[in-house]
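Throughout, read-outs are computed from the coordinates displayed, never taken from laboratory work. Keep in mind that this is a model prediction, so the values were computed, not measured. Every residue, glycine among them, receives a Cβ derived from its backbone with ideal geometry; neighbour counts consider all protein chains shown.
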Ligand code: CUA
């Protein structure tokens, strides 16, 4: 009976564990499924340290078990104090040298990787893209240096080449975390520019989070990185440069929405190439995977966001009730047809469970 219970208990424990842990590995948002150069390097380091830890654990447990069984006091043994070995030179040397060797095995690739990830030797080469990244409460802005284009919330990059990031924050500390392509980098307010690079192997939409507690909506400060082929990226730059913020939408409702938007919203937002404002650039809004980084892209959600943004992202800087319900619907009609490029539309994204 006990044996059966024991088996059932461990089955239950491992089953629950497997169930919980399987929730951690979302495609395109997982350090354990690397799809870029840096994330692969970082996973290798994790695997080396895990291997060393398992090695140490197994050896220590084996010695422990052996000593426990071999030297335990038996029934007829007399009470004796074992031979004391403190100050034994050979033992001291052994258990000092082995950890040093293990740490060296870990340190060499770690230092190598650290220098590799900080390498910026090709940044000034011809055709190499640098993006200025700015973290804001609670959205991200991307300015493509020298390209005269910019985007918010979704960063477009070409696959198969390094894209350098120059990163800062406009208000408080944020942290840019893109686990499946690269690692994590803090963005700081002020003059300090932190840097990293991205190199995506496959086309796709990769999910990122802010990982520095930056206010009440910190956990909602999501972004995407859309990796497209190099040809598509050239096309995207062309399309983005040609955005005409004054282009007339097709439906009357969207036309009225555009008018209201230009009067009420343009002091903070931008469409087309413009310097970063107080609010996100909304070029290509219709192609975004999420509204405000978090909401499913439906008209209903957008209207709700426009009329009461604080309900969805507490503490964000967009004012509520700037327009009435009717105007919000028209603005939604306008924004949901802002579709200035086809690039990245069919890039594979993570499956939602
Ligand atoms: Cu920005 Cu947390």
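Dividing the mean sequence gap of close Cα pairs (under 8 Å, 6+ apart) by how many residues region 107-175 holds gives a relative contact order of 33 percent. Take the Cα of residue 253, go 7 Å toward its beta carbon, and the backbone nitrogen atoms of region 297-341 under 12 Å from that spot belong to 299-300, 303, 326-337. Note on residue 128/residue 81: beta-carbon distance plugged into 1/(1 + (r/R0)^6) with R0 of 51 Å gives a FRET efficiency of 0.10.
Would you mind giving the three semi-axes, in whole Å and largest first, of the ellipsoid equivalent to the chain according to its Cα gyration tensor?
On the way: eigenvalues 565, 129, 65 Å².
Working through the eigenvalues yields semi-axes of 53, 25, 18 Å.
The GNM of the chain, with springs linking C-alpha atoms under 10 angstrom apart, assigns the highest mean-square fluctuation among 235, 258, 137 to 235.
Each of 68, 165 was scored by other Cβ atoms within 10 Å of its Cβ. Listed from fewest to most, they are 68, 165.
Restricting to the chain, what percent of DSSP beta bridges are antiparallel, rounded to 5?
Numbers: 29 of 42 bridges.
Around 70 percent of the beta bridges assigned by DSSP in the chain are antiparallel ones.
Normalised radius of gyration for region 32-145, please: alpha carbon Rg relative to 2.2 N^0.38 Å, two decimal places.
Working: Rg = 25.5 Å, N = 114, 2.2 N^0.38 = 13.3 Å.
Relative to the rule-of-thumb radius for its length, region 32-145 sits at 1.92.
Among 220, 47, 91, the residue with the largest mean-square fluctuation in a Gaussian network model of the chain, with springs joining Cα atoms closer than 10 Å, is 91.
Each label point was placed 7 Å from the Cα along the Cα-to-Cβ direction; for residue 339 and residue 46 their separation is 3.7 nm.
Note down the relative contact order for the chain as a percent, whole number, built from C-alpha pairs under 8 angstrom at least six residues apart.
On the way: 576 pairs, mean separation 58.4, N = 353.
Contact order relative to length: 17 percent.
Dividing the convex hull volume of the alpha-carbon atoms in region 292-340 by its residue count gives 81 Å³ per residue. Within region 147-180, find all residues whose amide N lies under 19 Å from a label point positioned 7 Å from the Cα of residue 32 along Cα-to-beta-carbon. It comes to 178-180, nothing else. Label positions at residue 161 and residue 242, each projected 7 Å from the Cα along the C-beta direction, are separated by 2.1 nm.
Between the Cα long axis of helix 2-22 and the first principal axis of the chain there is an angle of about 30°, rounded to the nearest 10.
What's the angle, to the nearest 10 degrees (0 to 90), between helix 230-241's Cα axis and the longest principal axis of the chain? The helix 230-241 is inclined about 40 degrees to the chain. In percent, rounded to a whole number, the relative contact order of region 197-353 is 31, using alpha-carbon pairs under 8 Å and six or more apart.
The separation of region 143-190 from region 81-112, counted between C-alpha centres, amounts to 43 Å. Per-residue extension of 0.36 nm, minus the Cα-Cα distance of residue 325 and residue 7, leaves a gain of 108.5 nm for this segment.
Cut-off is 10 Å between beta-carbons; in what order do 288, 70, 9 appear when sorted fewest neighbours first? Write down the numbers at each step before the final one.
On the way: 288 22, 70 7, 9 10.
Result, fewest neighbours first: 70, 9, 288.
Name all residues of region 210-249 having a backbone nitrogen under 13 Å from the label point set 7 Å from the Cα of residue 194 along its Cα→Cβ direction, giving them as ranges. Once the point is set 7 Å along Cα→Cβ of residue 194, 210-214 turn out to lie under 13 Å by backbone N, inside region 210-249.
What nm distance separates the two modelled labels at residue 112 and residue 14, each placed 7 Å from Cα along Cα→Cβ? So the label points at residue 112 and residue 14 sit 3.5 nm apart.
Kirkwood Rh over alpha-carbon pairs of region 207-315, then Stokes-Einstein at 10 °C and 1.306 mPa s: what D in µm² s⁻¹, rounded to an integer? Roughly 100 µm²/s, to the nearest whole number. Shape analysis of region 64-112 yields a ratio of the Cα radius of gyration to the Kirkwood radius, Rg/Rh, of 1.25. Angle of helix 89-117 to the longest C-alpha principal axis of the chain, folded into 0 to 90 degrees and rounded to 10: 10°.
For region 101-168, the Kirkwood hydrodynamic radius from C-alpha pairs, put into Stokes-Einstein at 10 °C and a viscosity of 1.306 mPa s, yields a diffusion coefficient of 112 µm² per second.
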